Every structure is written in C-alpha cells, then in structure tokens.
Amino acid sequence: MAVGHAMELDRRVVESLSEGRGEPAWLREWRLRAWEAYEQLPPPKFERSDWEKRKLQDLRLAPSMASAPPLERFPAHLQGLFGERGDRSVAAFAGGGVPYLDLENLAGRGVYAAELSTAVREREDLVRRALGRVVDPAENKWIALQSALWNAGLFVHVPRGAEAEIPLLALYQIGEAGAFVFPRILIVVEEGASATVVEALVSDLDLGAAFTCGIVECLVEDGGRLRYAGFQDLPKSVTGFLVRRARAERDARVEWLVGEMGEGYIVGECGTELAGQGSRSDARVVGIGTGRQHLDLTVKMVHAGRFTESEILGRGVVLDRAETVFRAVTQIQKGAVGTSGHQAESLLILSPTARADTIPMLLIDENDVRADHAASVGKINPEQLYYLMSRGIDEEQARRLIVRGFLDPVIGRIPLPGIRRVMEELVERKMTR
Amino acid sequence: MSGQPYLKVENLHVSVEGTEILKGVDLEIRGGEVHAIMGPNGTGKSTLAAALMGHPKYEVTEGRAWLDGEDLLAMKVDERARKGLFLAMQYPSEVPGVSNANFIRLVLNARRGEGNEIPVLQFHRELQKQMRALDMDPSFAERYLNEGFSGGEKKRNEILQMRMLKPRIAVLDEIDSGLDIDALKIVAKGVNDLRGPEMGILIITHYQRLLQYIVPDYVHVMMQGRIVRSGGRELAEELEAKGYDWLKRELGIEDHTVTSRS
Ligand SMILES: Nc1ncnc2c1ncn2[C@@H]1O[C@H](COP(=O)(O)OP(=O)(O)OP(=O)(O)O)[C@@H](O)[C@H]1O
Ligand SMILES: [Mg+2]
C-alpha cells in the first residue's frame, strides 16, 4: 500500500490496499465489486440534508501506514471508558496501519477477536459468511465505497454460550495527519452468547478536510445478546458517514447506545433488522449539534419476525448555527404479527439560528401490531430559566442544567456506569465549548 | 454578609408588556420582621414579588430598591438570590430530568463558591433533616424538580429550598394556596422556625387564615398597584371581617375592573 499524499481514487487503490493487507482473492474480488457499485451508484439523497452536494473529490483520501497510538494518546475525557486493564479488552486504530490490540481477556473467555484481515486468514469461512450479510455493499454509494476501502477492521466472534461481558473497546483515532480511516467492525454473536462492545471515533488533531466512512455489522443469533455503544467525537473538518446495523435472530436482543458528540458533518444510521421471532432491540441516541455542523441521524428498526419488539428513544440539542435532522423509522413488514414498535424523539433548540427537524416514520404493513411515536422540537422555557436562576445559579449553568435534564431520559438510563459518565462528560464539554 | 438584613423599596413602578401594574410602591423590611401584603386578585402582589426577584418580563419604569444598601435592581436574577433574596413562587416551574436533591446541592454550592463545596454526606443529612421538619416523604429528594408535584407539594418544596438556603429576605407568594389545613400548619411552622433577626419575611396572601399561624408584625393592603393602607396584625382581622369593599369605600376607590374577594 502506498504511503502518499492526496491521491486520485481509482480501482488500483482498492487493489493495492487488498494486496498490502495480504487478503485472499475472494476478498479482493468482494472489494472490487463494491468499487464497481460505488462508481455506478448515484449519491444517496437524504431528505433535508445537502449531503449529496458534498464533493468527495475535494476531500483528502491519503492512505498511510501509521500505527495505532498507545491508549494514553486518546483524549483525556475518554480515558474513563478504558477502566482497568483487567476489566476490558482494547483494539485501537490509527490510520490503516497496525492496530494496538490487547485482547487477552476475551481470549480467556473463549471469544475470538482480531484485526479483520488477520481474521480472514484465521477464521476465513466465518468471515466470508458474515461480511456484507447485514449491510449489502451495493446498498448505496457510500456503503459501496466503504466496502471497497475499509482499512481499519475488527472482527469479533462470540461462540455459542460464551459471555464477553467485559467490554471490548474499539477505538479509532481518525486524526492521524494525512491518513484516512474507514473503520469496519464485524461481530458475530452465536446462540445464547453475549457481548458488549464500545466503539469510539475520536481525533485530537485539527485536520485539514478529512472524510471517514464507517460500517458496523452485527449478526446476533438465536437467544444472543449484544450491547453496542458508539461514540463519535470528531472535529469540524471531518465529513463522516456511519452505519451501524444488526440482524437479530430468534429471541435475540440488541441494544444500541449512540452519542454523536462531534462537530463534523455527519450522516449516521443505526438500527436492527428484527428477523427472528421474539427478538427485541432498543436504541438510545443522543446528538448535540454545534457551530455550523450538520448532523443527520437515522434510527431504523425493521420488524420481519413475529412478536418482535423495538423501542427508539432519541434526544438532540442544537446550538449556534447547527442543523440537525433526527429520523426515526419503525418498519413492520407483512407477517410480523404481534409486534410492537415505539419511538420517541425530541430536539431542543438553543439558538435562534439553529435548525432542527424530527421525522418520525411508521411504515406498517401488518394489522395485528402496536406502534406509536412521539416527536417534538422545542426551546428552553424562559420560566424554567428564571426559576432556576432565582435560586442563585447563573444563566449558563441554568441552561446546562435544563439541557442535562432534557437528556436524562436517555443518558440516565444507560446501564453501564462508565459509559454513562463519559456521555455526561461529553455533553458538558460540548455545551461549554 | 453580616448585619441586619434590610430591604428597601421606594416608589416602585412596574410594567408588564407595556401596561403599568405597580404605580409607586414603598416598603421597608428588616431582619426579624414579618410583613404581610393582602389584596384582591390582580392588584399587583405577584408583580411586586417578580419585579424584586428580577423576572425579565417585568420592567421597572421608575423607583428604586436596595438590599442591604446595594442597588437590587442593577443585579441579575441569580445575583439577587446569592445576595440573600428568596422568592417562594406562586407557580413554581417544573424542571424534568433534574433531581430535587441535585438541584439544591448545586444551588448551595453556587453560593459557597468553588473549592468550598458542601461535603455530600453533610448535605444529605441536612436535606433529610429539613424534609422531616416539613413532613416530606424522602422520595421527594430524588424526584425531578417539581415535576408532577401536586400544588401543595410544590409549596412545601419551595419552603424546603428556603430552609436549605437560609435567605436574608424571603418573599412568600401565596404559599397557603392549595394547602389543606394540616399542610398549612406544617408549612407555617416551617416558616416560623426561621423567624429571627437573621431574616426578614414578606408574606403575600389572600387569607387571614395563614396569618393566624404566621403572625405578622405589619400588614399592608395592595389595590390597583399601590399599598393603600398599612397597619398591625389587627388590620388583617378587620379585612377578614369587613371585606375589601369596606376599605375601598373608606378610601374612595372606584373600582369596576377588579371584583373583590377575600
Ligand atoms: N406576565 C404577564 N403578562 C400579562 N399580564 C400580566 C402578567 N403578569 C401580571 N399581569 C397582569 O398584571 C396584573 C397584576 O397581576 P399580579 O399577578 O401581580 O396580581 P396578584 O395581585 O398577584 O393577583 P392574585 O391574587 O390573583 O395572585 C393582572 O391584571 C395580570 O393580568
Ligand atoms: Mg399573585
């Protein structure tokens, strides 16, 4: 793989990437098919977002061989995620180079985790069956691009009955100068197994324009449990497209916790395909828009199986001149009888120049179901502000308190205390920046 | 801060959205004194309280006010509070997601300043003690600030905050409304416990009933944006017996807009 400056994107980049990583022929072909799809597909349209107008050509895509920074180089406010060495496993990436891996704790529990290209060599059949099964490489242009060019992959396999309750941290340092990072995370949770994965996309450098595309795909088999927490705290120079999606088989449970706390132009989607009967998925999503940022978030639950349940809870805060779109989709397919889908999302606008939209969607093709939604966009109530200030706290603090209270239904219910604290810390930081 | 608390209001005129509501109010309250303001609905009692606290909608167009000799009207709302003014509101706001206990601790710490925060255990002990004094269920500490509280519970929560904050001058706007007789006694005791030279109190009420439990030193009657009569505690009893119409006739006030109720 070439170490280089900004380079034209073409088929050869894909070929040399695959070759540099020592990948087998089938994977090179898989990437190249994705590349062809990328070339043919039109840019996807996002209602109320001008994403399709952003020119990728203007963005620097310069692969490098940078290796992962040690944990100490991750921002101080995220250190709370790391915990003690005995309490977690870590995979840390910077650029497309050699990651820092500390996965012994998982290995001790019978869980296999490795850099994705390594996993292709060590668990070829498994990876081959799972890759692209939840997120079809040809689904849209950016997914196709990501599939062709992912360069910071992680594979996690939790075999039948294993419990990886200690969190696996997947850390991505996007800010290595001149590097591009396309994270790809593939998780297979087998029957009755369970796992907790915490992903953080961060950057402590001020970059020139940078682009990142990330895909997380998870297969959760019968009775399996996956709890996935994803944070994004990227600077305003970054344009990002992030997809996090799971497929839940019979009686499986998938829980999403997402904190979009960066300042970049971000389009993000997360959700679950509830394929198996009796599966359930919950999503709690918090987004904070500041500066001139554009934040386009979608949470999507697709019910295919009978007696499936989903709940979406989203809260967003919009400041400055930021624009935020929060889309929640509950789709119930024909035949998915006895399912229930609930969603509630609200946005709080803190500045007259900010814009916020909630777009709730219930797409229902079955009769015997329960589905409801609540959506709202509001401002800080001046009476509340006055009341809080009348007890002696200043206006800034009173506003922050109201915002914290507004986010509490999501953040206060995060079951992992470490993650809850980091989330609170990120909110506080973003509000005071 | 030290010395005797002292609030002085001079010729206060206040407008709301361009309409003049207060038309020259004078008032002096010192530590140790309990004043009561009575008057028919809509005569400006809450307006006085809001203007003193600094509600942004209430514009002072004339007159002055001092707290302990400092220009009260030049201060922001939060500054007034930190200087020792407290207003128990007629309609306290609900703030979802913020627990009562966390809020009160934050407020106490804002007064004490950075580096001088109240130790957590000491805070909770004090809070529990004050809640017991007001016969409040311990669960109210962890409930969200005023959210879903009944009218009476909100009033009690205002008095709880007052007891925790120990203000120099406290204005209590209709803390008796919505209280049953037992609650009224508890709240009155909650206020009476604090009576002393450290604190001056202004009670706004319609009813003589509250004043049987918190006996005022001075009673003022407000009508049409002015204090039209002041006297001792017997003035409240006289009003209760004779009604506001009696006073209107005596003062020769023509009033078609305000119906009197007492
Ligand atoms: N925010 C406001 N907007 C418009 N009008 C207001 C506002 N606040 C007060 N007013 C008007 O000012 C007048 C005085 O109101 P205020 O609340 O001070 O009366 P009050 O004496 O406290 O009455 P009550 O005994 O019913 O509580 C009323 O006519 C009221 O409608
Ligand atoms: Mg009133």
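The values are calculated or read from the model by the stated rules, or taken from the named source; none is laboratory data. Because the structure is a prediction, the values reported are computed rather than measured. Cβ sites come from the backbone with ideal geometry, for glycine too, and all protein chains shown count toward neighbours.
Being under 13 Å from the mean Cα position of the chain (by Cα) and within 16 Å of ligand 2 (Cβ to nearest atom) narrows it down to one of B:Leu172, B:Leu210, B:Leu179, so name that one. Spell out the reasoning first.
Working: B:Leu210 fails: under 13 Å from the mean Cα position of the chain (by Cα); B:Leu179 fails: under 13 Å from the mean Cα position of the chain (by Cα).
Step by step, each of B:Leu172, B:Leu210, B:Leu179 is checked, and only B:Leu172 is under 13 Å from the mean Cα position of the chain (by Cα) and within 16 Å of ligand 2 (Cβ to nearest atom).
Do any strands (runs of 3 or more DSSP E) entirely within segment B:1-84 hold 1 or more residues that are basic (Lys, Arg), and if so, which?
Values: elements: B:6-16, B:19-30, B:34-38, B:58-67.
Correct list: B:6-16, B:19-30, B:58-67.
When you scan segment B:48-69, how many residues do you find that are within 14 Å of ligand 1 (Cβ to nearest atom), under 24 Å from B:Ile214 (Cβ atoms) and away from chain A (no Cβ under 14 Å)?
So the answer is 1.
How about segment B:51-108: which of its residues are over 20 Å from the mean Cα position of the chain (by Cα) and hydroxyl-bearing (Ser, Thr, Tyr)?
B:Thr61, B:Ser99
Output the number of the condition that B:Arg168 fails; it satisfies all remaining conditions of (1) surrounded by 19 or more Cβ atoms within 10 Å (Cβ to Cβ); (2) out of contact with any Gly (no Cβ under 7 Å at 6 or more places or on another chain).
Among (1) surrounded by 19 or more Cβ atoms within 10 Å (Cβ to Cβ); (2) out of contact with any Gly (no Cβ under 7 Å at 6 or more places or on another chain), B:Arg168 violates only (2).
Could you please tell me which pairs satisfy a Cβ distance under 6 Å, a separation of 6+ or placement on different chains, a first residue in segment B:64-91 that is among the polar types (S, T, N, Q), and a second residue that is surrounded by fewer than 23 Cβ atoms within 10 Å (Cβ to Cβ) and not in a loop (DSSP other than H, G, I, E, B)?
Matching pairs, first to second residue: B:Gln90/B:Ser46.
For segment B:36-43, check the following and say yes or no: at least one residue is among the polar types (S, T, N, Q) and within 12 Å of ligand 2 (Cβ to nearest atom). Before the answer, list the steps.
Filtering segment B:36-43 for residues among the polar types (S, T, N, Q) gives B:41, B:43.
Add one more test, that the residue is within 12 Å of ligand 2 (Cβ to nearest atom), and what stays is B:41, B:43.
Yes, because at least one residue in segment B:36-43 is among the polar types (S, T, N, Q) and within 12 Å of ligand 2 (Cβ to nearest atom).
Kindly indicate which of B:Leu251, B:Leu211, B:Leu247, B:Leu239 is within 16 Å of ligand 1 (Cβ to nearest atom) and farther than 25 Å from B:Arg30 by Cα. Steps first, please.
Values: B:Leu251 fails: within 16 Å of ligand 1 (Cβ to nearest atom); B:Leu211 fails: farther than 25 Å from B:Arg30 by Cα; B:Leu239 fails: farther than 25 Å from B:Arg30 by Cα.
Of B:Leu251, B:Leu211, B:Leu247, B:Leu239, the one residue that is within 16 Å of ligand 1 (Cβ to nearest atom) and farther than 25 Å from B:Arg30 by Cα is B:Leu247.
For a quick check of your reading: which helices (runs of 4 or more DSSP H) sit entirely within segment B:143-259 and have at least 3 residues that are in contact (Cβ under 8 Å) with a residue 12 or more places away in the chain and among the basic types (Lys, Arg)?
On the way: elements: B:151-165, B:181-192, B:208-213, B:233-251.
Passing ranges, in order: B:151-165.
Which residues, counting only those in segment B:139-186, are within 25 Å of B:Met38 (Cβ to Cβ), in contact with a strand residue (DSSP E or B) (Cβ under 7 Å, 6 or more places away or on another chain) and away from ligand 1 (no atom under 16 Å from the Cβ)?
Across segment B:139-186, the qualifying residues are B:Ile159, B:Met162, B:Pro167, B:Arg168, B:Ile169, B:Ala170.
For residues that are assigned to a helix (DSSP H, G or I) and at pLDDT below 70, scanning just segment A:29-86, find the one that is surrounded by the fewest Cβ atoms within 10 Å (Cβ to Cβ).
A:Lys53
Does segment B:51-59 contain any residue that is farther than 16 Å from B:Val77 by Cα and either away from ligand 2 (no atom under 16 Å from the Cβ) or touching a residue at least 12 places away in the same chain (Cβ under 8 Å) (or both)? Steps first, please.
The first filter runs over segment B:51-59 and keeps only residues farther than 16 Å from B:Val77 by Cα, leaving none.
Looking through segment B:51-59, none of the residues is farther than 16 Å from B:Val77 by Cα and either away from ligand 2 (no atom under 16 Å from the Cβ) or touching a residue at least 12 places away in the same chain (Cβ under 8 Å) (or both).
Do you know which of the residues in segment B:187-208 that are buried (at least 18 other Cβ atoms within 10 Å of the Cβ) and within 15 Å of ligand 1 (Cβ to nearest atom) is nearest to B:Glu10 (Cα to Cα)? Break it down stepwise before answering.
Of the residues in segment B:187-208, the ones buried (at least 18 other Cβ atoms within 10 Å of the Cβ) are B:187-188, B:190-191, B:199-206, B:208.
In the following step, the residues that additionally are within 15 Å of ligand 1 (Cβ to nearest atom) were identified as B:202-206, B:208.
On the way: B:Leu202: 16, B:Ile203: 19, B:Ile204: 19, B:Thr205: 22, B:His206: 24, B:Gln208: 27 Å.
Going through the qualifying residues, I end up with B:Leu202.
What are the pairs, 6+ residues apart or on separate chains, where a residue within segment A:352-376 that is over 19 Å from A:Leu297 (Cα atoms) has its Cβ under 7 Å from a residue that is of a type in the set (Lys, Arg) and not in a strand (DSSP E or B)?
A:Thr353/A:Arg321; A:Asp365/A:Lys334; A:Glu366/A:Lys334
When the residues of segment A:226-239 are narrowed to those that are free of Cβ contacts under 8 Å to residues at least 40 places away in the same chain and closer than 11 Å to A:Glu263 by Cβ, which ends up surrounded by the fewest Cβ atoms within 10 Å (Cβ to Cβ)?
Once the filter is applied, the top-ranked residue is A:Ser237.
Only one of (1) more than 19 Å from A:Asn367 (Cα to Cα); (2) crowded, with 22+ Cβ neighbours inside 10 Å is not met by A:Leu313, so which one is it?
Every condition holds for A:Leu313 apart from (2).
Could you say which residue among B:Val25, B:Val14, B:Val34 is away from ligand 1 (no atom under 15 Å from the Cβ), buried (at least 23 other Cβ atoms within 10 Å of the Cβ) and modelled with pLDDT of 95 or more? Break it down stepwise before answering.
Values: B:Val25 fails: away from ligand 1 (no atom under 15 Å from the Cβ); B:Val14 fails: away from ligand 1 (no atom under 15 Å from the Cβ).
Checking each option against the conditions leaves just B:Val34.
Among A:Arg327, A:Arg391, A:Arg421, A:Arg404, which is among the charged types (D, E, K, R), within 14 Å of another protein chain (Cβ to nearest Cβ) and either surrounded by fewer than 17 Cβ atoms within 10 Å (Cβ to Cβ) or outside any loop (DSSP other than H, G, I, E, B) (or both)? Write out each step before concluding.
Values: A:Arg327 fails: within 14 Å of another protein chain (Cβ to nearest Cβ); A:Arg391 fails: either surrounded by fewer than 17 Cβ atoms within 10 Å (Cβ to Cβ) or outside any loop (DSSP other than H, G, I, E, B) (or both); A:Arg421 fails: within 14 Å of another protein chain (Cβ to nearest Cβ).
Answer to the check: A:Arg404.
Checking the structure you have, find out if any residue of segment A:363-378 is within 14 Å of chain B (Cβ to nearest Cβ) and surrounded by fewer than 16 Cβ atoms within 10 Å (Cβ to Cβ).
Our first condition is that a residue be within 14 Å of chain B (Cβ to nearest Cβ); within segment A:363-378, this holds for A:376, A:378.
Filter once more, keeping what is surrounded by fewer than 16 Cβ atoms within 10 Å (Cβ to Cβ): A:376, A:378.
Scanning segment A:363-378 turns up at least one residue that is within 14 Å of chain B (Cβ to nearest Cβ) and surrounded by fewer than 16 Cβ atoms within 10 Å (Cβ to Cβ).
Specify which of the listed residues (A:Glu396, A:Glu428) is within 11 Å of chain B (Cβ to nearest Cβ), assigned to a helix (DSSP H, G or I) and either crowded, with 21+ Cβ neighbours inside 10 Å or at negative phi (or both). Spell out the reasoning first.
Values: A:Glu428 fails: within 11 Å of chain B (Cβ to nearest Cβ).
So the residue among A:Glu396, A:Glu428 that is within 11 Å of chain B (Cβ to nearest Cβ), assigned to a helix (DSSP H, G or I) and either crowded, with 21+ Cβ neighbours inside 10 Å or at negative phi (or both) is A:Glu396.
Can you find even one residue in segment B:77-90 that is crowded, with 17+ Cβ neighbours inside 10 Å and away from chain A (no Cβ under 13 Å)?
no
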